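Here's the structure, in structure tokens; my notes come after.
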Amino acid sequence: MSAGRPSYADTPDAPEKRQSQRRAVILVVDRDPNIRELESYFLNEAGYQVEFAEDGMAALDLARRLRPDIVVCEVLVPKLDGLALSRALKSDPATGHIAVLVFSILAASVRAREAGADAFLMKPLAERRLVQTVRALLAARAAARTEAAASAASSSDASPSTPSQP
């Protein structure tokens, strides 16, 4: 992490470069303070706002209050593991839209998908993979919102109009 290396925030599509949009909020859930600090550094450098929770129950409460764009969670967090957290978020109508990225040293990609996770990354932490995955999840979320808005607009255009009376 040398001062001379290019930052993801220097890229033209970096989130803070788009003045018309707010910074995406990423909730990081990891039991290891060193990993949280590293994830925070990578995500802040990429232009995202980062919030933290040390356990799954705190993360669930924070996600319900903050409505982050993405929850990045380790599988092995206390009180409510990352897979149970993913299931809880996805089953709640208030949080079901939040993208979940499960991150672990365990080979748990199939279990993560079954728990509703949108993406899975193996540790060790790699800046490029983390930032690229976060960007892809945000892009997919934006595309889904655009598609839903277009669908809603086209369905209102297709509603039958009442004929005018003579």
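Only the coordinates and a few stated rules stand behind these numbers; no lab work does. These numbers were taken from a predicted model, which means no experiment stands behind them. So basically every Cβ, Gly included, is an ideal-geometry build from the backbone, and we count neighbours across all protein chains shown.
Here the extension length gained between TYR41 and MET122 equals 27.3 nm, from 0.36 nm per residue of separation less the Cα-Cα distance. Report the paramagnetic label zone for ALA144: residues of segment 63-86 whose backbone N is under 12 Å from a point 7 Å from Cα along the Cα-to-Cβ axis. Answer for segment 63-86: 69-71.
For a modelled paramagnetic label at GLN132, 7 Å from Cα along Cα-to-Cβ, the residues of segment 48-78 in reach, with backbone nitrogen under 19 Å, are 48. Net length available on complete extension from SER154 to LEU76 is 23.6 nm, with 0.36 nm assigned per residue and the Cα-Cα distance removed. When each of the peptides 69-80, 49-60 is scored by the mean number of other C-beta atoms lying within 10 Å of its residues, the order from highest to lowest reads 69-80, 49-60.
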